[in-house]
Amino acid sequence: MTTRRARLVLLSTGGTIASRAQAADRLVHYKLDQAGPPLDPDLLGLVEGFADIRHEEVVRMPSSDLGQAQLLELARRVHAHLASPDVDGIVITHGTDTLEETALFLALTTPPGKPVVMTAAMRPGGALGSDGPRNFLGAVRVAADQGARGRGVLVVMDDEIIAAPCARKRHANAVAAFRPEAGGLIGEVLPDRIVLAGGAPDGLPGFDVTGCAALPRVEILYAYQDAPAFLFDAVVASGAAGIVLACTGNGTLSTMAKAAVADAIGKGLVVVRSSRTGAGRVTWAESAGIPSGPLNPQQARILLSLALSRTKDADQIANWFAAF
Ligand code: DAS
């Protein structure tokens, strides 16, 4: 019996994986070439033997410039391609810097079934030790693998397969920059096969954003010694619908922040308490504001914004956070 080659759609968005080094020993100060091809042709050549790939450029940006307009557009294209009987799976190339935000957004807005696999690179094409080719090949192999079906959106970096909600960039320079949150490492890209053991956490909320033109605005405020109240006042006055706090420790609040949170909630904003520590879960429920569980501030902002597009009911929103 011959096995049909997987038909994949590649959606590129820019990032280091789409960039070329100025010289092999220049690992920084590279730019996205807006005039050149959207992705290094070497990358596409590399995967020819593994799948039939149709490439579409969504945007060509550093991921720090992405926002809800690009995320909504990406989600629309993912939806449309997944609905096509001619598409078996999707690979998305992206910058590493905000990958975990887009990954969570897609995890919460993509219908389950066909594989959707994100990947990126810490070093540009042509640089010593460039990781783009290996990561891209790994992502294509995972998306082409039948075993990847029904496991939610996945992130492939450094031969690790990570459930999208658990992907975290934890190093500013290392090629092994992504370390999943506990339980998020669900498989490996081995030289001869793909090993998959689990999937996304069960029971995550799902949000259909296909008809959505814009999402409610949520801002992040960072906790530190002597943090002033005027930043809260500015966010409330700006008309934001919600605030995520990058709190100290297990979601703790200063005396100032407790008063500011009470004021913001009184004015109709929904507040979520995450942690600035970079790992672990916020479980502390004794202060006002919804604990973010394992979601870091930037991911909690994605969920709160999606949640607020449905309801302002803090109890309902708290249930969605508790699903992680
Ligand atoms: N160029 C940065 C970005 O787009 C970093 C990267 O991709 O690694 O996120």
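Read the figures in this text as sums done on the coordinates, not as results from a lab. Keep in mind it's a predicted model, so treat the numbers as computed, not measured. FYI the Cβ positions are ideal-geometry reconstructions off the backbone, even for glycines, and counts take in every protein chain you see.
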Next on the checklist: Please go through the range 64-82 and give me each residue that is within 16 Å of the ligand (Cβ to nearest atom) and touching a helix residue (DSSP H, G or I) at 6+ places or on another chain (Cβ under 8 Å), ordered by number.
Outcome noted: Leu66, Leu71, Leu74
Next on the checklist: Taking the conditions exactly as written (in contact with an Asp or Glu (Cβ under 8 Å, 6 or more places away or on another chain), within 13 Å of the ligand (Cβ to nearest atom) and among the charged types (D, E, K, R)), does Asp159 satisfy them or not?
Outcome noted: no
Checklist entry - Within the bounds of the range 247-269, is there any residue that is among the aliphatic types (A, V, I, L, M), part of a strand (DSSP E or B) and within 17 Å of Arg217 (Cβ to Cβ)? => result no
Next on the checklist: Pairs needed: first member in the range 211-236, of a type outside the set (A, V, I, L, M, F, W, C); second member anywhere, part of a loop (DSSP other than H, G, I, E, B); C-beta distance under 7 Å; at least 6 residues apart or different chains.
Outcome noted: Pro216/Ala241; Pro216/Ser309; Arg217/Ala240; Arg217/Ala241; Glu219/Ala240; Tyr222/Arg276
Next on the checklist: Given the criteria surrounded by fewer than 24 Cβ atoms within 10 Å (Cβ to Cβ), over 15 Å from the mean Cα position of the chain (by Cα) and outside any helix (DSSP H, G or I), does Leu137 qualify?
Outcome noted: no
Checklist outcome for this item: Residues of the range 37-94 being of a type outside the set (Phe, Trp, Tyr), over 23 Å from Thr210 (Cβ atoms), in a loop (DSSP other than H, G, I, E, B) and touching a residue at least 12 places away in the same chain (Cβ under 8 Å), in sequence order, are Pro38, Leu39, Asp40, Val47, Ala51, Arg60, Pro62
Checklist entry - Among the residues of the range 253-267, is there at least one that is basic (Lys, Arg), in contact with a strand residue (DSSP E or B) (Cβ under 6 Å, 6 or more places away or on another chain) and over 24 Å from Leu215 (Cα atoms)? => result no
Next on the checklist: Given the condition away from the ligand (no atom under 14 Å from the Cβ) and under 30 Å from Pro297 (Cα atoms), answer yes or no: does some residue in the range 24-46 qualify?
Outcome noted: no
Next on the checklist: Filter the range 83-105 down to the residues that are within 16 Å of the ligand (Cβ to nearest atom) and closer than 20 Å to Ala51 by Cβ and list them by number.
Outcome noted: Val91, Ile92, Thr93, His94
Checklist outcome for this item: Reported set for the range 300-324 where residues are within 16 Å of Asn250 (Cα to Cα) and surrounded by 24 or more Cβ atoms within 10 Å (Cβ to Cβ) is Ala300
Next on the checklist: Just to verify a result, which residue in the range 124-134, among those that are in a loop (DSSP other than H, G, I, E, B) and under 17 Å from Ser12 (Cβ atoms), is farthest from the ligand (Cβ to nearest atom)?
Outcome noted: Ser130
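I'd like to know if the range 49-63 contains one or more residues that are more than 16 Å from the ligand (Cβ to nearest atom), basic (Lys, Arg) and over 16 Å from the mean Cα position of the chain (by Cα).
Yes, the range 49-63 has at least one match.
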Next on the checklist: So in the range 268-282, with the set limited to residues that are of a type in the set (Val, Ile, Thr) and without any contact (Cβ under 8 Å) to a residue 40 or more places away in the chain, which one is nearest to Gly249 (Cα to Cα)?
Outcome noted: Thr277
